[in-house]
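See structure below.
The values are calculated or read from the model by the stated rules, or taken from the named source; none is laboratory data. Every value quoted in this text rests on a predicted model; they were computed, and no experiment measured them. FYI the Cβ positions are ideal-geometry reconstructions off the backbone, even for glycines, and counts take in every protein chain you see.
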Amino acid sequence: MKIPLFDLLKKEHQEIQRMFESMSKGNEKVRVSALHKFQKQFIAHLKAEEASFYPKLEDEPETKMLALEAYEEHHVAEILFNELKTLNINDAEWSAKLTVLKEIVEHHVNEEETEVFKVAEKIFKEDDFSDMYKEFQGKEDIWIKKAI
Ligand SMILES: [Fe+2]
Ligand SMILES: [Fe+2]
């Protein structure tokens, strides 16, 4: 089954990975601009998943725990990111926190792509995914506009 929602989520995961690279390397200007972009896109990605995709998984016994764990991982990532924003980008603590945030996000993304998406594909129909896709895009737009 072709699932545009998962294609979009995977594409955004790759963008998130690229932003992590830009935030950790290069001059301060590049890192600061990557941080601003990340702030907008990363939070929007999490919030849109939480509004469109995970509630459906939470309603099904087979995927309930996966959804609850994903909420927790999003929550931890958001806390770390909020702490990161309060630190000076040139401090060693900033880099340490970024590294841990990156590890948590990589773990989470890997779980989504190798486990959550596969289980969801067995449970939901093409129409369910297209509803979730529209909902995801609508919610993500709202969050991106909110962050400007
Ligand atoms: Fe997620
Ligand atoms: Fe994701």
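Computed values, structure above
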read-out	value
Boolean, PRO61 is over 12 Å from the mean Cα position of the chain (by Cα) and exposed (fewer than 12 other Cβ atoms within 10 Å of the Cβ)	yes
Residue, farthest from ligand 2 (Cβ to nearest atom), within the range 62-77, restricted to residues that are under 22 Å from GLU126 (Cβ atoms) and not hydrophobic (A, V, I, L, M, F, W, C)	GLU62
Any hit, the range 94-117, residues being within 16 Å of ligand 2 (Cβ to nearest atom) and over 17 Å from the mean Cα position of the chain (by Cα)	no
Where a residue in the range 92-116 is farther than 24 Å from GLU28 by Cβ and at pLDDT 95 or above and its partner, wherever it lies, is of a type in the set (A, V, I, L, M, F, W, C) and within 11 Å of ligand 1 (Cβ to nearest atom), with Cβ under 6 Å and at least six apart	ILE104/ALA77; VAL116/LEU66
Residue within the range 31-52 that is in contact (Cβ under 8 Å) with a residue 24 or more places away in the chain and either in contact with a Pro (Cβ under 9 Å, 6 or more places away or on another chain) or not in a helix (DSSP H, G or I) (or both) present	no
Tally, over the range 92-112, of residues that are among the polar types (S, T, N, Q) and within 15 Å of LEU46 (Cα to Cα)	1
Test: residue in the range 18-26 that is within 26 Å of LYS125 (Cα to Cα) and either within 16 Å of ligand 2 (Cβ to nearest atom) or small (Gly, Ala, Ser) (or both)	no
Hits in the range 83-117 (condition: closer than 20 Å to LYS64 by Cβ and either surrounded by 14 or more Cβ atoms within 10 Å (Cβ to Cβ) or in contact with a Lys or Arg (Cβ under 8 Å, 6 or more places away or on another chain) (or both))	HIS108, GLU111, GLU112, GLU113, VAL116, PHE117
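This table checks each residue for (1) farther than 26 Å from PHE129 by Cα; (2) within 12 Å of ligand 1 (Cβ to nearest atom); (3) aromatic (Phe, Trp, Tyr).
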| residue | (1), (2), (3) |
| --- | --- |
| VAL32 | yes, no, no |
| HIS36 | yes, no, no |
| GLN39 | yes, no, no |
| PHE42 | no, yes, yes |
| PRO55 | no, no, no |
| MET65 | no, no, no |
| GLU72 | no, yes, no |
| ILE79 | yes, no, no |
